Amino acid sequence: MAAGMKDWKRKGLLLLVLSAVLTGYWFWDGDKTVSPSPDSIGVNSLPLPDFTYRDQNGKPFGMEELKGKIWLADIIFTRCPDVCSPMTANMSRLQKKLAKSGLDVDIVSFSADPMYDTPPVLKRFGNNLRADFSNWRFLTHDSEPQMHQFLKTAFGVPIKRADPKNPDEPLVIRHSSRFYLIDDQGKVMAAYNGLQPDYAQVIRDIRSLQ
């Protein structure tokens, strides 16, 4: 009887550990960012907060220009030492696939380092990664705290800045590496791995919203 109880306890402990591991995996991306909470995605989610920032041409751009449109968004910054260039290259590939599929979808990349990422800096970054600016805006702002607060509220993810201790170390800003699909009501309907996007799934989801 005692041996049976010990075996039962061992099985129970293993189940608890497995549950904790799976829970941690669900809420923790490979790039150390928290996935959006379930209530921040879908038809019952709240629309994104209103915003107006400056694009790569220095012109105002925001929710007013996106009203009634389906669009994609991500969070990047040009001094990013790791994920941002691959994400932007992948978004550029997605942009081309959307055009070939006949889908009219705007793309918005928000800078998590807005004080450094001026419009000319963002334009150079986009050009280097072959962004088509006809329907892709790279947005910056004159207040980093305000931009970070907007991104946290809009996408349900943390933004954490860690300034380098010496000039040889890169700036690190922890942020989501997801692509977000926003519907014509301004609601986030889906999120995708921006480092390994399933392009076909994105296209299917966009078609389902039209």
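The table for this structure:
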| quantity | calculated |
| --- | --- |
| For the stretch 100-199, share of DSSP beta bridges that run antiparallel, in % to the nearest 5 | 65 percent |
| Coordinate range along principal axes, alpha carbons of the stretch 74-204, Å, largest first | 47, 30, 26 |
| Interchain or long-range residues, amide H under 5 Å from residue 189's placed H | 42, 181, 182, 183 |
| For the stretch 88-210, accessible area per residue (1.4 Å probe, heavy atoms of protein chains only), Å² | 48 Å² |
| Heavy-atom accessible surface of the stretch 84-160: percent carbon and sulfur, 1.4 Å | 49 percent |
| Given charges at Cβ of Lys, Arg, Asp, Glu: the stretch 80-153 dipole, positive-most of 148, 103, 81 | 103 |
| Rg/Rh for the stretch 61-136, where both radii come from Cα atoms and Rh is the Kirkwood radius | 0.96 |
| Alpha-carbon centroids, the stretch 119-142 and the stretch 95-118: separation in whole Å | 8 Å |
| Solvent-accessible ranking of 187, 100, largest area first, probe 1.4 Å | 100, 187 |
| Accessible surface ranking that places the most exposed of 88, 118 first, with a 1.4 angstrom probe | 118, 88 |
| Local electrostatic count, residue 116, Cβ distance below 10 Å [Lys/Arg +1, Asp/Glu -1] | -2 |
| Theoretical gain in end-to-end length, residue 128 to residue 205 [0.36 nm per residue, Cα-Cα removed] | 24.9 nm |
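The values are calculated or read from the model by the stated rules, or taken from the named source; none is laboratory data. Values in this document were obtained by computation on a predicted structure and should not be read as measured data. Every residue, glycine as well, gets a Cβ built from its backbone with ideal geometry; the counts of neighbours run over all protein chains shown. Just so you know, the surface numbers come from the protein's heavy atoms only, side chains and all, with ligands and any DNA or RNA stripped out. Shrake-Rupley method; radii C 1.70, N 1.55, O 1.52, S 1.80 Å.
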